[in-house]
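Here is the structure we will look at, set down as structure tokens.
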Amino acid sequence: MLEVKDVVKRFGGLVALNKVSLTVKQNELLGLIGPNGSGKTTLFNVITGYYKPEEGKVFYRGEEITGLRPHLIVKRGIARTFQIPKPFGRLTVLENVMSAAMYGRKAASRTEAREIAMDWLEYVRLKDKADVEAKALNIVERKLMELARALSTGPDLLLLDELVAGLNPSEMMDVVKLVRKLVDERGLTIIMVEHVMKAVMSISDRVFVLHRGAKLAEGSPQEVSRDPKVIEAYLGEPIQV
Amino acid sequence: MEFKFTWKWLVIAVLLIAALIFPLFADEFMVSILMQAYLWAFLAMSWDVIGGYGGQFSLGHAAFIALGAYTSTILLESYGISPWIGMWAAGLVAGAAGALVGFASLRLRGPFFALGTIAFAELVKLLLLYFKGITGGPLGILITKSGPEYMLFESQAHYYYLMFALMIAGLLFLKWFEASKFGIGLVAIREDEEAAEGVGINVYRTKVIGAAISAFLTGIGGTIYAQWIHFIRPDIIVKLEYSTQIAAIDVVGGAGTPYGGLIGALILVPLSLYLNAIFGGMIAGLSLILYGVVLLVVVVMVPGGIYGLVRRKWMSRGKGGK
């Protein structure tokens, strides 16, 4: 479904991504992990059009989308959330999510957009906050709103950037289950960047490890967590499954 | 709920009737002041599209007044086309210029955009002076026609109703605009450009069109202004003072809301007219200083303007009641 081929992204002298290749199959949940600064968010930014790679290509459903502007990539069916939530602060939660339904892939009318938005708000259990200004939300609610907003664009492929970071363990497990259900019940394909090992390892079908801008390992959660290279990259921390 | 509904409409009806019968009881001077407040309210609402909802602080909107005023006045005086038609052409000419300013906003941020718009207004002034053959250069154009078919009236009361209708139209437009798809998109960009792109909003296009709409409305306001003042000249319209006044009115009233322009104009326009009447001859640039000070105070002390302040008080009172 998604194919990233030999992507190179530099910032001045720093090579953030060094010939990274990655494929994602339809209806798969791919966990993307790696230490800080390993290039996970940069890779997301390349896929979603925020960065133009110096080398390499990105294909989606067989079509090249390298360097397309972000709003056009959304219309192809790829949506994302941001590591630090970016709410439209002075719009209400409902308007935030509605904007995605109106401008996203479906280009819904206002009435349709309202329904789509309310459905997703209910899904992430934020319906009772619909008429609150987004800037009044706490961090957990902001993240859930971003998830609902990304979903309202009508994506087939969803990129989640540290969705559960900063959540307490029980909130985290709730959100993680919600994400898994999107794959199992709604047929979405998801790439999930996460620092919290427990979260990634428990729900991913496959895990891709980035280290210093290059692929370190790839495989099932069990394989990856036993991989000596991965353990070393994480400074010897044993990874729990 | 139902009580609140009828109560709200009752207030609106009373205010409407009061505004409509006002010229029957007030003297010409008072009518003239309120009339000007409506005109400036409309101009501030027009500014609000890009300045408030779009978050792009333009200080060059006097240029769009001028482009609108000159377009319809030239059509009227040289071609005999009524401003009732000419004002739409005025809007289009100003709107096209607004699109150019919108392009500039893609590159220039914050204060640099504001400076860019000041420069743009100066450029428009220079062009109006330069093309003497069409614009009359520094001498300007005098409107010589008369009659309501040319949007020219005998009494201030007529202009009062004209400006009132204009202001109401502006208010209704903004009410509709802020809930529209385009309005939500524009505010989304103001709040977070990256996230806006991330939900599929074409940021470049939306900014350019937003600026064009703002300028279109301001251009129509320019026509009405010219029809009232009967005489246009580059240096009396394209003034930094006017550009600042438009922005100040909206920010004081509450930028990014349908009511901000009206509230701000009802306070600032009478104030500046009185102050100018008292000190005008003695202190040059007094109103510019006034707007500067007022803008600063409001931005620092009451972000969100008077409307924002009232709404916050209102909402917190409502919460306390429950």
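Which of the residues that make up the range A:91-125 are among the polar types (S, T, N, Q) and out of contact with any Pro (no Cβ under 8 Å at 6 or more places or on another chain)?
A:T92, A:S99, A:S109, A:T111
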Tell me, yes or no, whether the range B:5-26 has at least one residue that is under 27 Å from B:L273 (Cβ atoms), small (G, A, S), touching a Leu at 6+ places or on another chain (Cβ under 9 Å) and modelled with pLDDT under 95.
-> yes
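Taking the options B:A215, B:A255, name whichever one is buried (at least 24 other Cβ atoms within 10 Å of the Cβ), part of a loop (DSSP other than H, G, I, E, B) and touching a residue at least 40 places away in the same chain (Cβ under 8 Å).
Result: B:A255 is the single residue among B:A215, B:A255 that is buried (at least 24 other Cβ atoms within 10 Å of the Cβ), part of a loop (DSSP other than H, G, I, E, B) and touching a residue at least 40 places away in the same chain (Cβ under 8 Å).
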Could you grab the pairs with beta carbons closer than 6 Å, sequence gap of 6+ or different chains, first residue in the range A:128-153 and away from every other protein chain (no Cβ under 14 Å), second one of a type in the set (A, V, I, L, M, F, W, C) and in a helix (DSSP H, G or I)?
-> A:K129/A:V93; A:A130/A:V93; A:A130/A:L94; A:A130/A:L121
Among B:A248, B:A196, the single one that is away from every other protein chain (no Cβ under 14 Å) and part of a helix (DSSP H, G or I) is B:A248
Being in a helix (DSSP H, G or I) and not hydrophobic (A, V, I, L, M, F, W, C) is the filter; apply it to the range B:17-40 and report the residue that is surrounded by the fewest Cβ atoms within 10 Å (Cβ to Cβ).
-> B:E28
Scope the range B:53-104; condition buried (at least 24 other Cβ atoms within 10 Å of the Cβ), assigned to a helix (DSSP H, G or I) and modelled with pLDDT under 95; matching residues = B:V101, B:G102
For the range A:20-105, which helices (runs of 4 or more DSSP H) that fit wholly inside it have 1 or more residues that are more than 10 Å from chain B (Cβ to nearest Cβ) and of a type outside the set (K, R)?
-> A:40-47, A:93-103
Restricting attention to the range A:53-81, which residues are under 23 Å from B:A188 (Cα atoms), touching a strand residue (DSSP E or B) at 6+ places or on another chain (Cβ under 9 Å) and buried (at least 21 other Cβ atoms within 10 Å of the Cβ)?
-> A:P70, A:I73, A:V74, A:I78, A:A79, A:R80, A:T81
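The values are calculated or read from the model by the stated rules, or taken from the named source; none is laboratory data. Since we're looking at a predicted model, the values are computed, not measured. Positions of Cβ are backbone-derived with ideal geometry, glycine not excepted, and every protein chain shown enters the neighbour counts.
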